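Undergrad: Mind looking over this structure? Questions follow.
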Amino acid sequence: MNDDQLLRYSRHILLTQVGIEGQERLLGSRALVIGAGGLGSPASIYLAAAGVGHITLVDGDRVDLTNLQRQILHTTATLGEPKVESGRQMLRHFNAEVEVATVDHRIEGEALSALVARADVVLDCTDNFPTRHAINRACVRHGRPLVSGAAIRFDGQVGVFDLRDQASPCYACLFPETADPDEERCAVMGVFAPVTGIIGTTQAAEALKLLAHVGESLNGRLLILDALGMRWREIRIKKDPGCAICKDTGTFGLGVV
Ligand SMILES: [Zn+2]
C-alpha cells in the first residue's frame, strides 16, 4: 500500500481484526455483485469505499424514476442510463482506485458460471427466484461463497452460503427449486427504502468479512428483519442431504474449479 492508501484505509487498518493484512486481502479481491438496484447499491458502495480491488456489476435494466427512492447508486442525472453505467460512475466517485467491470444484460448458463468462477465472493442482489437459483447453482459448482439478500415491503432477509465448505447448506436447501415460488418482486410491490439499505449493507459487511478473513460469518444462518416492529429473527439453515443442487459437491466443494 502507498501512503495515500494507508490513510484512506487507516480506520480499517486500526482494527486489529483487519490490519494491513486484511486490507491487502480486500485490495486483492474480486467481488461479483448481481443486481444494481436497492440491495446492490449500498452493497457495492461499501465494497468500493472499503477498497475491494475489483467489482463486477451485473444488471440489464436502465435507471427509472421509480428506482430513485431507494437505489442510491443512481441519481436524477443518470435517469435512462444503463444501471451498471450509472453505478460505475457512482463507485468511481467513492473510490477511483477500484476497478469496476460491468455486464449490462441478464446473464445465465455458462456466462454466469464463468463470472462466478472468477469471483472470490458473490452477492445476490436480485429480485427473482429463477435468477437466484441460477446464481446458487453456479456458486455450488465453483465452490464460491454466496451472500444472499432480499427486501420487500417492510421485510428483509439476509444469509450466507459459504459453498467453499461442502458441509454448508446452499440456497436451494432453504428454498428448493421445485417449490412453487410465491414471488413478489419489489419492482412491482412497495418497499420501504431503508430496508434495502439495511439488508444491502449487511451483505457488504458479510462479503468484506469473508474476503478479509475476519470474524464469524453468517454462514448457515438466515436473518429476518421486520422493520415495522424493528425486530430481527435468526433461523438456522440445515444442509438438506436430498438437495438436488448441492448433494454431489464433493468435487467442487473446496473451491476446485
Ligand atoms: Zn443444497
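The values are calculated or read from the model by the stated rules, or taken from the named source; none is laboratory data. The model shown is predicted, which means the values in this text are computed figures rather than measured ones. Here the Cβ positions follow ideal geometry from the backbone for every residue, glycine too, while neighbour counts run over all protein chains shown. All accessible areas refer to the heavy atoms of the entire protein, side chains included, with ligands and DNA or RNA removed. Shrake-Rupley method; radii C 1.70, N 1.55, O 1.52, S 1.80 Å.
Undergrad: List the residue pairs whose Cβ atoms are under 6 Å apart, where the first residue sits in segment 76-93 and is in contact (Cβ under 8 Å) with a residue 40 or more places away in the chain, the second is of a type in the set (D, E, K, R) and open to solvent by 10 Å² or more (accessible area, probe 1.4 Å), and the two are 6 or more positions apart or on different chains.
TA: Between residues of segment 76-93 that are in contact (Cβ under 8 Å) with a residue 40 or more places away in the chain and residues that are of a type in the set (D, E, K, R) and open to solvent by 10 Å² or more (accessible area, probe 1.4 Å), the close pairs are K83/D59; K83/D61; V84/D59; V84/D104.
Undergrad: Could you pull out the residue among R164, R233 that is in a loop (DSSP other than H, G, I, E, B), at pLDDT 95 or above and open to solvent by 80 Å² or more (accessible area, probe 1.4 Å)?
TA: On the way: R233 fails: in a loop (DSSP other than H, G, I, E, B).
Matching residue, one of R164, R233: R164.
Undergrad: Could you check, for segment 167-180, whether at least one of its residues is more than 16 Å from the ligand (Cβ to nearest atom) and touching a residue at least 24 places away in the same chain (Cβ under 8 Å)? Break it down stepwise before answering.
TA: First, pick out the residues of segment 167-180 that are more than 16 Å from the ligand (Cβ to nearest atom): 180.
Then keep just the ones that are touching a residue at least 24 places away in the same chain (Cβ under 8 Å); that gives none.
No, because not a single residue in segment 167-180 is more than 16 Å from the ligand (Cβ to nearest atom) and touching a residue at least 24 places away in the same chain (Cβ under 8 Å).
Undergrad: Another question about this same structure. When you look at L223, is it farther than 22 Å from A49 by Cα, among the aliphatic types (A, V, I, L, M) and away from the ligand (no atom under 16 Å from the Cβ), yes or no?
TA: Working: farther than 22 Å from A49 by Cα: yes; among the aliphatic types (A, V, I, L, M): yes; away from the ligand (no atom under 16 Å from the Cβ): yes.
Against the criterion (farther than 22 Å from A49 by Cα, among the aliphatic types (A, V, I, L, M) and away from the ligand (no atom under 16 Å from the Cβ)), L223 qualifies.
Undergrad: Given the conditions (1) more than 16 Å from the chain's Cα centre (by Cα); (2) open to solvent by 20 Å² or more (accessible area, probe 1.4 Å), which single one is not true for N95?
TA: (2)
Residue-by-condition table, conditions (1) within 28 Å of R233 (Cα to Cα); (2) at pLDDT 95 or above; (3) part of a helix (DSSP H, G or I):
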position	(1), (2), (3)
R106	no, no, no
A111	no, yes, yes
R141	no, yes, yes
P169	yes, yes, no
P181	yes, no, no
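Undergrad: Could you please find all residues in segment 133-151 being among the charged types (D, E, K, R) and more than 13 Å from the ligand (Cβ to nearest atom)? Step through it out loud before you land on a result.
TA: Taking segment 133-151 first, the residues among the charged types (D, E, K, R) are 137, 141, 144.
Correct list: R144 only.
Undergrad: Continuing with this model, one more query. I'd like to verify a number: residues in segment 229-246 that are more than 14 Å from G159 (Cα to Cα) and more than 16 Å from the ligand (Cβ to nearest atom), how many? Don't jump to the end; show me each part of the working.
TA: The initial filter retains those residues of segment 229-246 that are more than 14 Å from G159 (Cα to Cα), namely 229-231, 240-246.
In the following step, the residues that additionally are more than 16 Å from the ligand (Cβ to nearest atom) were identified as 229-231.
Residues in segment 229-246 being more than 14 Å from G159 (Cα to Cα) and more than 16 Å from the ligand (Cβ to nearest atom): 3 in total.
Undergrad: Next question, about the same structure. Pull out all pairs, ordered by first then second residue, where Cβ-Cβ is under 8 Å, the residues are six or more apart or on different chains, the first lies in segment 1-20 and is closer than 20 Å to H213 by Cβ, and the second is part of a helix (DSSP H, G or I) and open to solvent by 70 Å² or more (accessible area, probe 1.4 Å).
TA: M1/I20; M1/E24; I13/I20
Undergrad: Does P42 satisfy the condition of being under 23 Å from T196 (Cα atoms) and crowded, with 17+ Cβ neighbours inside 10 Å?
TA: Working: under 23 Å from T196 (Cα atoms): yes; crowded, with 17+ Cβ neighbours inside 10 Å: yes.
When the stated conditions are applied, P42 passes them.
Undergrad: Further question: Residues being more than 19 Å from A138 (Cα to Cα) and in contact with a helix residue (DSSP H, G or I) (Cβ under 7 Å, 6 or more places away or on another chain): count how many of those fall in segment 41-61.
TA: Within segment 41-61, residues that are more than 19 Å from A138 (Cα to Cα) and in contact with a helix residue (DSSP H, G or I) (Cβ under 7 Å, 6 or more places away or on another chain) number 14.
Undergrad: Restricting attention to segment 1-28, which residues are in a loop (DSSP other than H, G, I, E, B), among the hydrophobic types (A, V, I, L, M, F, W, C) and farther than 11 Å from E97 by Cβ? It would help to see each step written out before you state the result.
TA: Applying the first criterion (in a loop (DSSP other than H, G, I, E, B)) to segment 1-28 yields 1-2, 9, 14-18, 28.
Filter once more, so that each one left must be among the hydrophobic types (A, V, I, L, M, F, W, C): 1, 14-15, 18.
Matches in segment 1-28: L14, L15, V18.
Undergrad: Considering only segment 113-120, I want to know if a residue exists there that is crowded, with 17+ Cβ neighbours inside 10 Å, farther than 20 Å from G200 by Cβ and not aliphatic (A, V, I, L, M).
TA: The answer is yes, given that some residue of segment 113-120 is crowded, with 17+ Cβ neighbours inside 10 Å, farther than 20 Å from G200 by Cβ and not aliphatic (A, V, I, L, M).
Undergrad: Taking A205 and the conditions (1) open to solvent by less than 30 Å² (accessible area, probe 1.4 Å); (2) within 20 Å of L57 (Cβ to Cβ), which numbered condition does it fall short on, given that it satisfies the others?
TA: Against the list (1) open to solvent by less than 30 Å² (accessible area, probe 1.4 Å); (2) within 20 Å of L57 (Cβ to Cβ), A205 comes up short only on (1).
Condition check ((1) modelled with pLDDT under 95; (2) surrounded by 24 or more Cβ atoms within 10 Å (Cβ to Cβ); (3) not in a loop (DSSP other than H, G, I, E, B)) across all residues:
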{"site": "V33", "(1), (2), (3)": "no, yes, yes"}
{"site": "A36", "(1), (2), (3)": "no, yes, no"}
{"site": "Y46", "(1), (2), (3)": "no, no, yes"}
{"site": "V52", "(1), (2), (3)": "no, yes, no"}
{"site": "L57", "(1), (2), (3)": "no, yes, yes"}
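Undergrad: Evaluate the following for E97: is it more than 16 Å from K238 (Cα to Cα) and part of a loop (DSSP other than H, G, I, E, B)?
TA: yes
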